[in-house]
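Reading through the structure tokens given below for one structure.
The values are calculated or read from the model by the stated rules, or taken from the named source; none is laboratory data. Small disclaimer: the values here were computed from a predicted structure and weren't measured. Cβ placement follows ideal geometry from the backbone for every residue including glycine, while neighbour counts extend to all protein chains displayed.
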Amino acid sequence: MIMLWKWKKGEENYYEEIFNELEKNKVDYLLIGGLAVALYGIPRVTGDLDLMLNMEPQNLEKFIKVMKKMGFKPKAPVNPEDLADAKKREDWIKTKNMKVFSFQHPNNSYVLIDVMIDNPLNYQEAAEDKKLISCWGTKIYLIPKKLLIKMKKLAGRQQDLSDIEALLKSEEE
């Protein structure tokens, strides 16, 4: 089960619109988190969208452009362009223990896009084995299942442990 948030802009689901824009703007990303678990076939309800981005400045600039075009704003009171500044990201990680940079839609506070900034994995290595799926009429790039499990082990929250159990069980079937 995949929970699709809707907003009033023609009642399309925001996942479809976001993934279409990411594809159209050639943003280099991997889907991680609850939606990735769901797209691997595990019944999972989630409202946010978790992404691992290639942190090269030009890729981040394309991503920020997409967020602005769609009306998303940083949840924290910072300039969205700050995401592309490696020194600022490093400062947030060290001084604020920040793990993700969140973008929020101004008309629906439940519509969040979380970008992993304190990444325990190497993006290029993860992207080598990415899984390409077609969903909602667009391409979606998933983190490889084994690395999704690794990320969830590192996070260690109860939901992550439940996700790991379900992902491993699905491999047995």
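List the strands (runs of 3 or more DSSP E) inside region 75-156, counting only whole elements, that have at least 1 residues being within 18 Å of ALA38 (Cα to Cα) and touching a residue at least 12 places away in the same chain (Cβ under 8 Å). I'd like the intermediate steps shown before the answer.
Values: elements: 100-105, 108-116, 131-135, 138-142.
Passing ranges, in order: 108-116, 131-135, 138-142.
In the condition set (1) out of contact with any Phe, Trp or Tyr (no Cβ under 9 Å at 6 or more places or on another chain); (2) part of a helix (DSSP H, G or I), LEU167 is compliant with all but (1). Any residue at all in region 37-46 that is touching a helix residue (DSSP H, G or I) at 6+ places or on another chain (Cβ under 8 Å), surrounded by 15 or more Cβ atoms within 10 Å (Cβ to Cβ), modelled with pLDDT under 95 and assigned to a helix (DSSP H, G or I)? The answer is yes; a qualifying residue exists. Could you list all residues from region 61-74 that are at negative phi and part of a loop (DSSP other than H, G, I, E, B)? Passing the criteria: MET70, PHE72.
Among the residues making up region 71-89, a single one is closer than 11 Å to PHE101 by Cα and among the acidic types (Asp, Glu): ASP82.
Every residue in region 140-173 that is surrounded by fewer than 13 Cβ atoms within 10 Å (Cβ to Cβ) and under 27 Å from ASN13 (Cβ atoms), please. Answer for region 140-173, where residues must be surrounded by fewer than 13 Cβ atoms within 10 Å (Cβ to Cβ) and under 27 Å from ASN13 (Cβ atoms): just ARG157. Within region 1-36, the residues that satisfy the criterion of being modelled with pLDDT of 75 or more and of a type in the set (Val, Ile, Thr) are ILE18, VAL27, ILE32. Scanning region 85-131 for residues that are buried (at least 18 other Cβ atoms within 10 Å of the Cβ) and more than 15 Å from the chain's Cα centre (by Cα), we see that the one that is farthest from GLU56 (Cα to Cα) is TRP92.
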